[in-house]
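Scroll down for the structure; my scribbles are underneath it.
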Amino acid sequence: MRIYKQQYRDKTGETRTIGKWYVEFYDHMRQLRRLAAFKDKRASEEFGRNIDRLISCRVSGAELDPTLNRWVENLPAYIRERLANISLLDTRHEAVGKPIDRHLKDYETALRANGRARQYVNTTVSRARTIFTECRFQCWSDISADAAQKFLAKLRDDGKGASIETSNQYLRALKQFCNWMVRNGRASQSPVALMQGLNSELDRRRERRALTPDECARLIEATKNGPVRWGIAGPERALLYRLALETGLRASELRSLTKSSFDFDADPPTVTVKAIDSKHKHEDVLPLRPEMARELRARLVFKKPADKMFHAPESERSCWRTSMMIRADLKAAGIPYIDDTGKVADFHSLRHTFITNLAKSGVHPKVAQTLARHSSIELTMNCYTHIAIGNLVSALSKLPDLSSPQEEKNAKALAATGTDVKSH
């Protein structure tokens with residue numbers, strides 16, 4: 001390998017030297033090649049040495065080490081293309097030169113092919129595209145953890161913009177895309193692998209609450225006698241809310257149910273959510289209470305197997321419509337959407353209520369986790385179980401009394417004289 005500068009004669013016949021250095025080398029096929037390098041001699045010499053390393057790897061069939069991989073991925077696109085044309089780079093390294101939007105479209109296609117829900121795909125791809133646009137990432141080598149971090153900070157805007165949870169969701173979308181690039185051999189490593197989300201507990205913009213049994217009864221009764229909302233009659237909406245409260249099914253899962261989802265002849269009767277419609281992408285078979293099964297069976301008697309159970313709102317903003325629907329029914333039932341503590345009661349609160357009621361009823365945590373279909377018991381108990389202070393006091397009262405007989409006697413004597421025990 002040698003580096004040199006080309007010379008030429010201008011129109012006046014004077015000899016001139018080109019600004020860039022050139023690297024001359026014999027490739028793995030022993031063919032003489034020349035590539036334009038850089039104006040800086042040191043950078044051009046380093047370029048030549050790395051070319052020699054590429055040739056050695058190509059001849060021996062060895063994998064590129066991480067340092068050489070990073071060097072290749074940060075090369076200008078035209079140089080990568082030239083190296084790929086002479087077979088010094090494989091398709092993986094050639095892929096990093098493609099426009100990032102083309103990779104993103106392939107990623108979207110892959111997500112849909114894997115059966116991911118439409119809303120999940122649209123949201124994930126949209127968030128990743130927003131980061132690429134705002135950070136001006138045009139190809140893989142442009143992706144920078146520093147630039148992404150600055151975008152997320154701007155998104156939060158010192159607490160005046162998006163919440164920390166929203167910021168974390170954007171970060172997850174970016175990391176998932178980058179991990180997909182690595183898994184599919186389009187890149188050697190993720191440039192954002194070391195980025196971490198922030199603690200969302202420090203910035204809760206909306207915290208859900210569980211409804212009380214009285215509120216549940218009022219909601220169902222008021223809805224049953226209420227008007228048609230978003231094309232759904234009151235009795236059907238009431239049954240929708242009740243099924244959510246008794247099974248913990250999410251809005252999208254309830255929307256997917258058809259007549260064939262139910263098996264009323266099983267013991268006990270069951271409802272099945274297909275893997276493609278379940279959040280964790282596994283088929284879920286859940287038991288139904290006998291009273292619920294009887295009412296559902298009566299409503300489905302004239303429907304075909306493929307007919308939807310509920311006429312739930314269907315649109316790109318269906319979650320927003322479901323939220324507005326229950327908000328109107330809560331108002332009709334005299335239940336505040338936001339309580340005195342700032343917690344909200346939306347459609348997903350019905351799922352919180354289901355899991356909270358399991359905990360209050362003394363159901364074993366592992367059973368509650370299974371019914372909730374959570375990956376970890378911590379998620380079930382920490383995020384979805386809302387225990388009132390009264391329940392905590394009741395639990396403490398069940399502990400054994402460890403006070404000594406003499407202490408109890410002294411306490412009774414003080415109480416009899418009207419002395420405040422706390423002052424002692």
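Every number in this text was worked out from the coordinates using simple rules, so none of it is lab data. Model, not experiment: these values are computed from the prediction. Neighbour counts are summed over all protein chains in view; Cβ atoms, including those assigned to glycine, are modelled from backbone coordinates with ideal geometry.
General observations
- Between the range 131-185 and the range 268-315, the alpha-carbon center distance in angstrom: 38 Å
- Entries of LYS274/LYS303; LYS5/LYS39; LYS105/LYS279 with Cα pairs more than 21 Å apart: LYS105/LYS279
- Rg ratio for the range 2-95: its Cα radius of gyration over 2.2 N^0.38 Å, N being its residue count, equals 1.20.
- Here the residues ARG351, ARG129, ARG289, ARG206, ranked from fewest to most Cβ neighbours within 10 Å of their Cβ, fall in the order ARG206, ARG289, ARG129, ARG351.
- Note on the range 2-95: dipole from Cβ charges, positive end direction compared against THR17, SER44, PRO66; the farthest Cα belongs to THR17.
- Charged-residue dipole, Cβ positions (Lys, Arg, Asp, Glu), the range 2-95 about Cα centre, Debye nearest 20: 440 debye
- Dipole of the range 100-203 [Lys/Arg +1, Asp/Glu -1 at C-beta], most positive-end residue of HIS103, CYS178, PHE137: HIS103
- Take the Cα of ALA233, step 7 Å toward its Cβ, do the same at ASP307, and the gap between the two points is 1.2 nm.
- Cβ-derived FRET efficiency at R0 45 Å, LYS331 paired with GLN189, nearest 0.05: 0.30
- If the segment from GLU14 to ASN122 were pulled out straight at 0.36 nm per residue, it would be longer than the present Cα-Cα gap by 32.7 nm.
- A simple spin-label model places the labels of GLN149 and VAL363 4.3 nm from each other, with each point 7 Å out along Cα-to-Cβ.
- Cα-centre dipole for the range 213-383 with unit charges at Cβ (Lys and Arg positive, Asp and Glu negative), debye to 20: 340 debye
- Dipole magnitude of the range 100-203 about its Cα centre (Cβ charges: Lys, Arg +1; Asp, Glu -1), debye to nearest 20: 420 debye
- Additional length obtainable on full extension of the chain from ILE86 to GLN6, 0.36 nm per residue less Cα span: 26.6 nm
- Förster radius 35 Å - calculated FRET efficiency between VAL182 and TYR26 (Cβ-Cβ, nearest 0.05): 0.60
- Set of lysines near LYS154 by C-alpha distance (under 20 Å), chain-local residues within fewer than 8 positions excluded: LYS175
- Residues MET1, MET195, MET325 arranged by fewest to most Cβ contacts within 10 Å: MET1, MET195, MET325
- Legend: ranking of residues TRP71, TRP21 from fewest to most surrounding C-beta atoms inside 10 Å; resulting order TRP71, TRP21.
- The range 323-360 and the range 1-80: distance between their alpha carbon centers, rounded to Å: 66 Å
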